[in-house]
Amino acid sequence: MERQERQANRGDGLTWKAAALVAALVALLAASAVLSACGTQQPTSEFAVAQPVMPQKASEDNPDAWLDALEQNPLDQSFVESLSTFAYRSSAAALSDDASVANGAGEIDPANRMYSPLSLYYALALANEGAAGQTRDEIDALLGAPAGANVPEQCGNLFRVLATDPFSTVDLANSIWMAKGNPFEQSFIDTATGQFYATPFSVEFGTEATDQAMAAWISENTGGTIEPQVKTESDLLLSIINTVYFKGSWTDAFDAENTAPATFHAAAGDVETDFMTQRIDSLQGYRRTDDFLRASLAFTGGAMMTFVLPNEGVSVDDLLSDEQRLAAAFAVDANEDEYGFITYVVPKAAFDTEFDLIPALERLGVQAAFDDRADFSNLTSTPAYVSMVKQESHITWDEEGAEASAYTNIGISEMSAMIPEGEEVELRLDRPFLFQITSSQGIPLFVGVCGNPAVEA
């Protein structure tokens, strides 16, 4: 592989100080529940050098506090739109049939896959605060923030809005793991802790204690849904980890008595799995095009899970191959959408996904960050490049609701190394389909493909 060869040979033209910038990016689903580290896991508090004061969730009995939080943390519409653009552009690259994706066992399994664009966005945005020159220009272009936008401030506002929302569980967490003895720019640390609420840790990379502590932190902040195997190298300078954890209950729960086995037509052959069924007795928005049938289910609190069923003759990869087609599949348009009484026939599912996101980022125009052109001089005086961009995710949905989580791990190393009468509509998800989970603010949290719900997590 060209990239691998480039990495293998870069040491010849780089100084001994050239190694790791972002070693851990933790993905998009938010985590409200915290699991305690157990067994031989190293307590994360041992390495923490500071603890940001986290925004407090407003009480459901005090709506004024929630309104105050929204007023005090305004989200620029152009920023929200750019984040959505990033979500679908990066999802098309990450979830495409040639993506570097594996199942929870580490085997290539493109049938089921999920990616958190929000997790990657936060990790990249934070890493970008340490970048300069061409490296920063390329990441800026991918993030797509409008000219003049204060990305750290907008990320901070979104963090505070999500954290204080009393009606939904979307939890973000960030951390920066810094190599002991290496000087880092104070402005970077201040932005990381002040706007990204990143907990700073001082560690010795390449040690079991550090690896266990990082794994414990990820598990804690994904509600125990992800238990990663972390193995750091001694040449890491910084690991930026972002986690996203989501848990929601359907506004209209499925009756388990209506759950029954049926056939799912997977690309590799028919499989038998359990399908949940319910008809909602109120008009629901849907859209039918030449490409797909789309409808959504609401969670209490305002979050949504959207299902996109490709029409016969159209595959999920046909939609994923074109970011505009993908965005159109998930876009709610009051002028285009119709309303009807929808019967949802949804297979129960649970699966894990692992990504190497460097190939996707390279296809999206971020290239200098991964070789000897990398410039992270706003992070550290030590020459550094991005050596890893890894994301792991988990999702499960059943009669009660859905739970999803993700973390993104970016490693930066030393450079040496939306009510008229409606028709009856049935959404029968009995062949590969797309799905998305959005926050109550409409922020895409997760985008995925269900190609075989019979695969166990």
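With the alpha-carbon atoms as the only input, what is the per residue convex hull volume for the range 321-362 in Å³?
Expressed per residue, the convex hull around the Cα atoms of the range 321-362 is 128 Å³.
A straight Cα-to-Cα reach below 17 Å connects K57 with the aspartates and glutamates D68, E71, D165, D171, residues fewer than 8 places away in its own chain not being considered.
A simple spin-label model places the labels of L67 and N150 2.5 nm from each other, with each point 7 Å out along Cα-to-Cβ. Can you find, among T259, G156, Q324, the residue sitting farthest towards the positive end of the charge dipole of the chain, where Lys and Arg contribute +1 and Asp and Glu -1 at Cβ? So the residue furthest toward the plus end is G156.
Counting every C-alpha pair in the range 103-241, the share spaced more than 27 angstrom apart comes to 28%.
Each semi-axis of the equivalent ellipsoid for the range 285-425 is √(5λ) with λ an eigenvalue of the Cα gyration tensor; in descending order they amount to 40, 18, 14 Å.
The simple spin-label model puts a point 7 Å past each Cα toward its Cβ; for E81 and R373 those points are separated by 3.0 nm. Ignoring lysines fewer than eight residues from K180 along the same chain, the ones with Cα atoms less than 27 angstrom from its Cα are K17, K231, K390. Determine the sum of side-chain charges near E392: Lys and Arg each +1, Asp and Glu each -1, restricted to other residues whose C-beta is under 9 angstrom from that of E392. Residues near E392 contribute -1 overall. Counted by Cβ distance under 12 Å from A192, the other residues give a net charge of -3, where Lys and Arg count +1 and Asp and Glu count -1.
Summarising the strand pairing of the chain, around 85 percent of its internal DSSP beta bridges are antiparallel.
Hey, of [x] 36, 24, 21; [y] 43, 26, 20; [z] 33, 31, 21, which did the structure itself give for semi-axes √(5λ) of the Cα gyration tensor in Å when calculated? Looking at semi-axes √(5λ) of the Cα gyration tensor in Å for this model, the match is [x]. Give me the Kirkwood hydrodynamic radius of the range 244-350, using the inverse of the mean 1/r over all pairs of distinct Cα atoms, in Å to one decimal. After inverting the mean inverse Cα-Cα distance, the result is 15.4 Å. Over all orientations, the range 170-318 has a Cα convex hull whose mean projected area works out to 14.1 square nanometres.
A short reminder: the numbers here are calculations on the coordinates, not readings from a lab. Note that this is a predicted model, so its numbers are computed, not measured. Cβ coordinates were reconstructed from backbone atoms using ideal geometry, including for glycine residues, and neighbour counts include every protein chain displayed.
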